[in-house]
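Read through the structure below, which is laid out as structure tokens, and then see the notes.
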Amino acid sequence: MRKHVDLGDREVTVIGTAHISEKSIEEVEDTVEEERPDLIGVELDESRFKSLKEKTGWSDMNIVEAIRNGKGPLLLINLVMSIYQRRMGLEEGVKPGKELMAGVKKAEELEIDYALLDREISETFSRMLSELTFWEKMKLLASLFAAEEDMEVEDLKEDNMLNTLISELEEEFPTVKRVFLDERNEYMAEKLLEKDFDHAVMVVGAAHVEGLVKCLEEEKKYVEKEINPGFPWFKAVKYGMPAFILAGLGYSFWKIGFTAGINATGFWILSNGILAMTGAIIARASPVTWLASFVAAPLTSLDPALGAGMVAAYAEGKVRPPTVGETEDIAYLEKYRDLWSNQVGRILLTFLFVTLGSASATFLSAGYIASILSGL
């Protein structure tokens with residue numbers, strides 16, 4: 001897919017690629033040879049460029065420390081989204097990002113200036129996680145794990161297919177569409193227009209083409225939008241639920257009686273411990289992690305700053321640290337189910353399922369305590 005943008009005194013050729021297509025690599029190389037621009041812009045930020053160029057990434061990461069520093073959700077969603085793309089790429093014999101690096105390689109070969117125009121991927125993911133509603137997060141996670149069907153890679157560059165996919169994305173996940181497409185289109189357009197060139201070739205994913213062309217034609221400036229997800233329901237539940245549990249338990253002892261208080265406390269401890277441990281078992285974590293999940297869940301559920309999933313994943317990483325081979329292999333998994341066969345994957349799955357188990361137990365316990373109090 002190729003679009004030309006006439007800016008009056010200069011010109012931009014936008015190449016829309018499928019990130020896992022051999023034909024896209026050829027199209028990038030052929031376009032640069034034909035157009036001979038004085039600047040090549042690519043949909044890469046410094047971090048991804050360094051990772052692709054030096055072939056680093058997961059292999060250089062201390063997964064245990066990353067989870068301890070609160071990066072578990074970011075790593076998990078990044079991995080889930082990447083596996084889907086990599087799966088198609090491996091079937092084509094092409095690794096994601098190779099067509100972008102083809103633009104850089106061609107620029108170096110022909111001694112043409114090139115520019116990395118994308119916003120830092122960590123900032124993009126952070127903005128998305130901050131702005132997604134609870135239900136969007138649940139829907140996104142479910143849809144990503146369910147997306148195992150094959151599709152024709154080259155179809156991803158067809159206008160009709162793209163318009164349909166983008167429309168569906170906007171309808172189902174408006175936040176994802178705005179953060180991953182709209183904001184980045186504005187950002188890359190502004191970064192390109194700041195450069196000094198007569199004719200530029202810009203290499204981006206096909207989904208960016210229409211929006212990017214529009215931003216270039218309008219010379220639209222990127223404006224950092226304040227994160228405003230509306231009423232902070234997640235924080236309200238995160239901090240309000242432990243307060244309700246503690247207040248309810250205390251009130252049960254004081255107003256109803258010692259036996260009722262013991263029963264409510266026992267339900268709280270057992271439900272948290274059992275469901276969190278079940279999450280660790282589903283993730284195929286070690287028995288030591290099962291025990292750590294059982295013990296940690298009732299306590300961490302009362303501390304909004306510390307999650308049971310974080311403790312369990314940290315324990316799993318310490319008890320069974322991933323090998324060098326597993327850390328390297330995580331970047332080439334083809335199926336979501338392969339996560340259970342890789343220790344890095346199991347650590348992240350432990351984080352996910354123990355978190356979900358403990359959260360479920362918290363709501364169950366709140367309902368149980370509320371039923372006791374309502375019987376007064």
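Taking region 259-269, which residues are in contact with a helix residue (DSSP H, G or I) (Cβ under 9 Å, 6 or more places away or on another chain) and surrounded by fewer than 15 Cβ atoms within 10 Å (Cβ to Cβ)? Full working, then the answer.
We begin by selecting, within region 259-269, every residue in contact with a helix residue (DSSP H, G or I) (Cβ under 9 Å, 6 or more places away or on another chain); these are 260-265, 267-269.
Answer for region 259-269, where residues must be in contact with a helix residue (DSSP H, G or I) (Cβ under 9 Å, 6 or more places away or on another chain) and surrounded by fewer than 15 Cβ atoms within 10 Å (Cβ to Cβ): just Ile262.
Taking Glu99 as the residue in question, decide whether it is of a type outside the set (Gly, Ala, Ser), touching a Ser or Thr at 6+ places or on another chain (Cβ under 6 Å), crowded, with 20+ Cβ neighbours inside 10 Å and at pLDDT 80 or above. Steps first, answer last, please.
Details: of a type outside the set (Gly, Ala, Ser): yes; touching a Ser or Thr at 6+ places or on another chain (Cβ under 6 Å): yes; crowded, with 20+ Cβ neighbours inside 10 Å: yes; at pLDDT 80 or above: yes.
For Glu99, the condition - of a type outside the set (Gly, Ala, Ser), touching a Ser or Thr at 6+ places or on another chain (Cβ under 6 Å), crowded, with 20+ Cβ neighbours inside 10 Å and at pLDDT 80 or above - is met.
Does region 1-13 hold any residues that are surrounded by fewer than 23 Cβ atoms within 10 Å (Cβ to Cβ) and of a type outside the set (Asp, Glu), and which are they?
So the first thing to find is which residues in region 1-13 are surrounded by fewer than 23 Cβ atoms within 10 Å (Cβ to Cβ), and the list is 1-11, 13.
Matches in region 1-13: Met1, Arg2, Lys3, His4, Val5, Leu7, Gly8, Arg10, Thr13.
Grab the helices (runs of 4 or more DSSP H) fully contained in region 111-197, keeping just those with 3 or more residues being at pLDDT below 90, among the aromatic types (Phe, Trp, Tyr) and assigned by TED's automatic domain parsing to the domain that holds Ser51. Before the answer, list the steps.
On the way: elements: 121-131, 134-146, 159-172, 174-177, 183-193.
So the answer is 134-146.
Could you go through region 296-307 and let me know if any residue there is polar (S, T, N, Q), farther than 17 Å from Ser271 by Cα and surrounded by 14 or more Cβ atoms within 10 Å (Cβ to Cβ).
Scanning region 296-307 turns up no residue that is polar (S, T, N, Q), farther than 17 Å from Ser271 by Cα and surrounded by 14 or more Cβ atoms within 10 Å (Cβ to Cβ).
Condition first: touching a Leu at 6+ places or on another chain (Cβ under 7 Å) and over 16 Å from Leu349 (Cα atoms). Now tell me which residues in region 283-300 satisfy that. Give the steps one after another, and end with the answer.
From region 283-300, those touching a Leu at 6+ places or on another chain (Cβ under 7 Å) are 283, 300; that's our starting set.
Across region 283-300, the qualifying residue is only Thr300.
I'd like to check something: does region 278-288 contain any residue that is among the aliphatic types (A, V, I, L, M), free of Cβ contacts under 8 Å to residues at least 60 places away in the same chain and crowded, with 22+ Cβ neighbours inside 10 Å? Before the answer, list the steps.
To start, the set of residues in region 278-288 that are among the aliphatic types (A, V, I, L, M) comprises 280-283, 285, 288.
Filter once more, so that each one left must be free of Cβ contacts under 8 Å to residues at least 60 places away in the same chain: 281, 288.
Then keep just the ones that are crowded, with 22+ Cβ neighbours inside 10 Å; that gives none.
For region 278-288, residues among the aliphatic types (A, V, I, L, M), free of Cβ contacts under 8 Å to residues at least 60 places away in the same chain and crowded, with 22+ Cβ neighbours inside 10 Å: absent.
Pick out the one residue from Ile274, Ile330, Ile369 that is part of a helix (DSSP H, G or I), outside the structural domain of Glu65 (by TED's automatic domain parsing) and at pLDDT 90 or above. I'd like the intermediate steps shown before the answer.
Values: Ile330 fails: at pLDDT 90 or above; Ile369 fails: at pLDDT 90 or above.
Criteria check complete, one pass: Ile274.
Quick one: Gly325 ticks every box in (1) surrounded by 24 or more Cβ atoms within 10 Å (Cβ to Cβ); (2) farther than 13 Å from Leu76 by Cα; (3) of a type in the set (Gly, Ala, Ser) bar one, so which box is it?
(1)
Restricting attention to region 255-271, report how many residues are in a helix (DSSP H, G or I) and under 15 Å from Ser374 (Cα atoms). Show your work before the answer.
Filtering region 255-271 down to residues in a helix (DSSP H, G or I) leaves 255-256, 258-271.
With under 15 Å from Ser374 (Cα atoms) added as a condition, the list becomes 255-256, 260-261, 264.
Looking only at that region, the number is 5.
For region 329-376, enumerate the residues that are surrounded by fewer than 18 Cβ atoms within 10 Å (Cβ to Cβ) and of a type in the set (Asp, Glu).
If the condition is that a residue be surrounded by fewer than 18 Cβ atoms within 10 Å (Cβ to Cβ) and of a type in the set (Asp, Glu), then Glu334, Asp338 are the ones that fit.
The values are calculated or read from the model by the stated rules, or taken from the named source; none is laboratory data. Treat the numbers as computed from the prediction; the structure is a model and nothing was measured. Positions of Cβ are backbone-derived with ideal geometry, glycine not excepted, and every protein chain shown enters the neighbour counts.
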